[in-house]
Structures are given as structure tokens and as C-alpha cells.
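Peer 1: Here it is: the structure, laid out below.
The values are calculated or read from the model by the stated rules, or taken from the named source; none is laboratory data. All figures in this text were calculated on a predicted structure; none of them were measured in a lab. Here the Cβ is made from the backbone with ideal geometry for all residues, glycine too, and neighbour counts use every protein chain on show. Ligands, DNA and RNA are stripped out before the accessible areas are found, and what is left, the full protein with its side chains, is counted by its heavy atoms. Shrake-Rupley method; radii C 1.70, N 1.55, O 1.52, S 1.80 Å.
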Amino acid sequence: MDYQNKQAVNVRQELFLKCFSKVNAMGNAKQLPINVINGDHCIVGMYYPINAYDKLDKKIDELKKEIKKLESYRYDMNKGDI
């Protein structure tokens, strides 16, 4: 999966630790992962609120189903060549 920083909420580490419940609520409302960044703007951690995790899990399930469809289609096509 192609992860892009613009699809995440960036929060400074101090604020994340100090105001976890508020930051968590913000991530849940937007259904996005939260990048925890330090003073140098480097990602030091990532947090997935439950809604963001559920959204990601659903996308993964959809991709798995699509892969199975494509594999089945490829199998059926090869089976006809025999």
C-alpha cells in the first residue's frame, strides 16, 4: 500500500503525550493515522485510532478480494488453454 504523509495527521510528540485523548478524537473524526513527530519534524511513531484502523482494515480486505478475483480469472484463462 502506498502510504502518503498528506493522508495523516501530524502531531508533535509533546502534544501527543500531553493531550492524547483530544488527539485520538481528532484522528477518529478524520479516520486517519497520526504521525508523531519530534522537533526536527521526523516521524518518531505512528498511532492508528480505532476508526482509522478499521478503515485501513476494510481497504486491505477489499484488496485481498480483488487479488483473489484476479487470480481466479487468470486460473480460468490458463485452464482453457489446456
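Peer 1: If you place +1 on the Cβ of every Lys and Arg and -1 on the Cβ of every Asp and Glu, how big does the dipole about the Cα centre of the chain come out, in debye to the nearest 20?
Peer 2: Dipole size: approximately 240 debye.
Peer 1: Near the amide H of residue 37, under 5 Å away, which other amide H atoms are found, from residues 5 or more places off or on another chain, if H is placed in the peptide plane?
Peer 2: Those qualifying (amide H under 5 Å, at least 5 residues apart or on another chain) are 11, 12, 13, 44.
Peer 1: Carbon and sulfur: what percent of the chain's accessible surface (1.4 Å probe)?
Peer 2: 54
Peer 1: Follow-up. Net charge around residue 61, counting only other residues with Cβ within less than 12 Å of its Cβ (Lys, Arg = +1; Asp, Glu = -1)? Write down the numbers at each step before the final one.
Peer 2: On the way: positive: 55, 58, 59, 64, 65, 68; negative: 54, 57, 62, 66.
Result for the local shell: +2.
Peer 1: Nearest 10 degrees, 0 to 90: what angle lies between the long axis of helix 20-30 and the longest principal axis of the chain (Cα atoms)?
Peer 2: Helix 20-30 and the main axis of the chain meet at about 40 degrees.
Peer 1: Between 0 and 90 degrees, rounded to the nearest ten: what's the tilt of helix 50-80 against the longest Cα principal axis of the chain?
Peer 2: Orientation of helix 50-80: about 20 degrees from the principal axis.
Peer 1: Sticking with this structure for a sec: Tell me, what is the 1.4 Å probe accessible area of residue 42, in Å² to the nearest 10?
Peer 2: Using a 1.4 Å probe on the heavy atoms, I get roughly 70 Å².
Peer 1: Once both labels are modelled 7 Å past Cα along the beta-carbon direction, what's the residue 68-residue 55 spacing in nm?
Peer 2: A separation of 2.5 nm, rounded to one decimal place.
Peer 1: Could you state the accessible area per residue of segment 1-79 in Å², with a 1.4 Å probe and every protein chain left in place?
Peer 2: Normalised by residue count, the accessible surface of segment 1-79 is 79 Å².
Peer 1: Now for a separate question. Considering lysine pairs in the chain that are 8 or more places apart or on different chains, how many have Cα atoms under 17 Å apart?
Peer 2: 14
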